[in-house]
Structure formats: C-alpha cells, structure tokens
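Enquirer: Before I ask anything, let me first share the structure, which is written out below as structure tokens.
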Amino acid sequence: MRDRIQALLSEALPAVDLESDFLFSELDSLSVMIILVVLSKEYDIPLDAQDVTPKNFKTLDSLVKMVEAKLQNN
C-alpha cells in the first residue's frame, strides 16, 4: 500500500518530497486537499478536514496508517 500511495501522490504532487521527515511542513493548503481527494478516491474512504492533523500528515508512513485505519473502520 505504501508504494501505491507514494506513486499516486508523486504523480499528483511532483514538487513535494514525500520522503521528508516533516511532510506536513512542505504542504500548502492546496497540496493537503489534493492528498485528501486522491486518497479518498483511490481507496473509496471518507476523508475530510478533521483528518488533516500534523500526526496524520507528518510522513508518508503516517498517511499510510491513516488510510489503513479508515479502511478498517469502513
């Protein structure tokens, strides 16, 4: 799943360093919305502003964990 998410987000946000230890600091509001839309569509999960937290957006791995948690709750 990590590789798929990385590929999707690399395509959607080519200028963002997805391997950063502080991914949240590299994102602007448009980038955050793109991530939410891409992941929501790909995995058919509801994602909204409440999911946008420094914990969830800290790293690529934390984004993967967020998606996995959402999939378990569906």
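Enquirer: Would you be able to say whether some residue in segment 52-68 is over 12 Å from the mean Cα position of the chain (by Cα), modelled with pLDDT of 95 or more and among the aliphatic types (A, V, I, L, M)?
Expert: Start the filter on segment 52-68 by keeping residues that are over 12 Å from the mean Cα position of the chain (by Cα), which leaves none.
Scanning segment 52-68 turns up no residue that is over 12 Å from the mean Cα position of the chain (by Cα), modelled with pLDDT of 95 or more and among the aliphatic types (A, V, I, L, M).
Enquirer: Now a separate question. Modelled with pLDDT under 95, open to solvent by less than 70 Å² (accessible area, probe 1.4 Å) and either in contact with a helix residue (DSSP H, G or I) (Cβ under 7 Å, 6 or more places away or on another chain) or charged (D, E, K, R) (or both): is that true of residue 23 in this structure?
Expert: Working: modelled with pLDDT under 95: yes; open to solvent by less than 70 Å² (accessible area, probe 1.4 Å): yes; either in contact with a helix residue (DSSP H, G or I) (Cβ under 7 Å, 6 or more places away or on another chain) or charged (D, E, K, R) (or both): yes.
Answer is yes for this residue.
Enquirer: Okay, next question. Among (1) more than 12 Å from the chain's Cα centre (by Cα); (2) open to solvent by less than 60 Å² (accessible area, probe 1.4 Å); (3) free of Cβ contacts under 8 Å to residues at least 24 places away in the same chain, where does residue 28 come up short?
Expert: Of the numbered conditions (1) more than 12 Å from the chain's Cα centre (by Cα); (2) open to solvent by less than 60 Å² (accessible area, probe 1.4 Å); (3) free of Cβ contacts under 8 Å to residues at least 24 places away in the same chain, the odd one out for residue 28 is (2).
Enquirer: Would you check if there is a residue in segment 25-48 being of a type outside the set (Phe, Trp, Tyr), farther than 21 Å from residue 73 by Cα and assigned to a loop (DSSP other than H, G, I, E, B)? Walk me through how you get there before you give the answer.
Expert: The first filter runs over segment 25-48 and keeps only residues of a type outside the set (Phe, Trp, Tyr), leaving 25-42, 44-48.
After this cut, where a residue has to be farther than 21 Å from residue 73 by Cα as well, the list is 25-34.
From what's left, assigned to a loop (DSSP other than H, G, I, E, B): 27-28.
There is at least one residue in segment 25-48 that is of a type outside the set (Phe, Trp, Tyr), farther than 21 Å from residue 73 by Cα and assigned to a loop (DSSP other than H, G, I, E, B).
Enquirer: List the pairs whose first member sits in segment 53-74 and is farther than 16 Å from residue 21 by Cβ, whose second member is open to solvent by less than 50 Å² (accessible area, probe 1.4 Å) and in a helix (DSSP H, G or I), and whose Cβ atoms are under 6 Å apart, counting only residues at least 6 apart or on separate chains?
Expert: Cβ pairs passing all conditions: 67/39; 67/43.
The values are calculated or read from the model by the stated rules, or taken from the named source; none is laboratory data. Source: prediction; values computed, not measured. Quick reminder, even Gly has a Cβ in these numbers, built from the backbone with ideal geometry, and neighbours come from all protein chains shown. Accessible surface is based on the protein model in full, side chains and every heavy atom, while ligands, DNA and RNA are left aside. Shrake-Rupley method; radii C 1.70, N 1.55, O 1.52, S 1.80 Å.
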